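One structure below.
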Amino acid sequence: MTDTIPLSARPVFPDLAGKAVLVTGASTGIGAAVAEGFALSGARVAVHFNASRDKAEAVAERIRAAGGEAVLVAGDVTQPGAADAIVDAAVAALGRLDVLVNNAGGLVQRVAIADYSDAFVDQVLDLNVRQVVAFMRAGSVRMTAQGDGGAIINVSSIAARNGGGGGAVLYAAAKGFISTATKGWAKELAGAGIRVNAVSPGVIATPFHERYSTAQQMAAMRATIPMDRIGTPDECVGAFLYLASQAASGYVTGQILEVNGGQYMP
């Protein structure tokens, strides 16, 4: 993670101290920044990863070096039963689950509609929809059993609002599902004291764009941002901490919080 914001200047929410937090896809990008942000607020963090063990270990080491608590949890979220296993592992390590951040996801690849295959469609939906549904079930069941509520934060995208860029329509549609379902889940789980919200990042400098967007595409996207720059993972962290904090956002649920430099204003 690029340290664009000094540790001393990053947001801290004191009521998150001691909370047990699971962040999926936390080895790089926004997930890594969010895991570190929770730790700086005193939360105990389960750093989930799939293939990037070394990067996840680096995140955990940075957390520990700053005096925080971090554990590693591995698993391919697209596999059957993975969500239950990952949540169970996090709870086994931390003792409970107070906050779940459903950050894992990805574009898979840019594909034109004429080239869609059934396998590609399944891959996009498995990575961006089905696994989030599974984590919603696993996380909410655990929180409900604990009996004292919790917070679930999903990750949508500005692509859910505008249909995505070239070759990214299915990814955008999957994120649209997440935004819509977040509102329904919020209503269903409100009685259990579980708040469900989503953060919708705009164009953020992460491995996502390093892999899927050319320099020309990045320049074109930047030209549509009123703040005239690409965002950083650190600049997304405050939104997650705010939505997790009962003291700061206890009356906030079913909301999609946009973090995009003014590129989209609902």
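Derivation of every value follows stated rules applied to the coordinates shown; laboratory data play no part. Just so it is clear, the model here is predicted, and its values are computed rather than measured. Here the Cβ is made from the backbone with ideal geometry for all residues, glycine too, and neighbour counts use every protein chain on show.
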- Query: Out of residues 5 or more away from residue 48 or on other chains, whose amide H comes under 5 Å of its own, with H placed 1.01 Å from N in the peptide plane?
  - Reply: 23, 25, 26, 73
- Note on the structure: Mean-square fluctuation maximum in Gaussian network of the chain, Cα pairs under 10 Å, restricted to 24, 253, 214, hits 214
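Got the relative contact order for the chain handy, in percent, Cα pairs under 8 Å and 6 or more residues apart?
20
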- Note on the structure: Length gained if residue 51 through residue 76 is fully extended, taking 0.36 nm per residue and subtracting the Cα-Cα distance, is 8.2 nm
- Near the amide H of residue 154, under 5 Å away, which other amide H atoms are found, from residues 5 or more places off or on another chain, if H is placed in the peptide plane? 102, 197, 198, 199
- Note on the structure: Note on region 55-183: contact order normalised by length, alpha-carbon pairs under 8 Å, 6 or more apart, percent, works out to 26
- Message: For region 1-129, place one equal point scatterer on every Cα, skip the solvent, and apply the Debye formula. What is log10 of I(q)/I(0) at q = 0.09, 0.13, 0.16, 0.20 Å⁻¹?
- Response: -0.28, -0.55, -0.77, -1.08
- Message: Using the alpha carbons of region 70-181, what is the convex hull volume per residue in cubic angstrom, as a whole number?
- Response: 106
- Task: Take each of the peptides 147-157, 85-95, 25-35, average the number of other beta-carbon atoms within 10 Å over its residues, and list them starting from the highest.
- Result: 25-35, 147-157, 85-95
- Message: Which lysines, if any, have their Cα less than 22 Å from the Cα of residue 187, not counting same-chain residues under 8 positions apart?
- Response: 175
- Message: What are the ³J(HN,Hα) couplings of region 150-165, residue after residue, when phi is run through the Karplus curve with 6.51, -1.76, 1.60 and θ = phi - 60°? Round to Hz, x for glycine and proline.
- Response: x, 9, 10, 10, 8, 10, 9, 6, 4, 4, 5, 8, 10, x, x, x
- Å³ per residue of the Cα convex hull, for region 165-229? 115
- Task: Take the Cα pairs of the chain, get the Kirkwood Rh, then feed it into Stokes-Einstein at 20 °C and 1.002 mPa s and tell me D in µm²/s.
- Result: 117
- Query: Taking neighbour counts of Cβ atoms within 10 Å as a proxy for exposure, in what order, fewest first, do 265, 136 appear?
  - Reply: 265, 136
- Hydrodynamic radius by Kirkwood, which averages 1/r over all alpha carbon pairs of region 123-266, in angstrom: 16.0
- Here FRET efficiency (C-beta to C-beta, residue 187 to residue 215, R₀ 51 Å, nearest 0.05) is 0.75
- Would you please name the chymotrypsin sites (Phe, Trp or Tyr not before Pro) within region 161-266 that are DSSP coil residues with at most 14 other C-beta atoms within 10 Å of their C-beta? 251
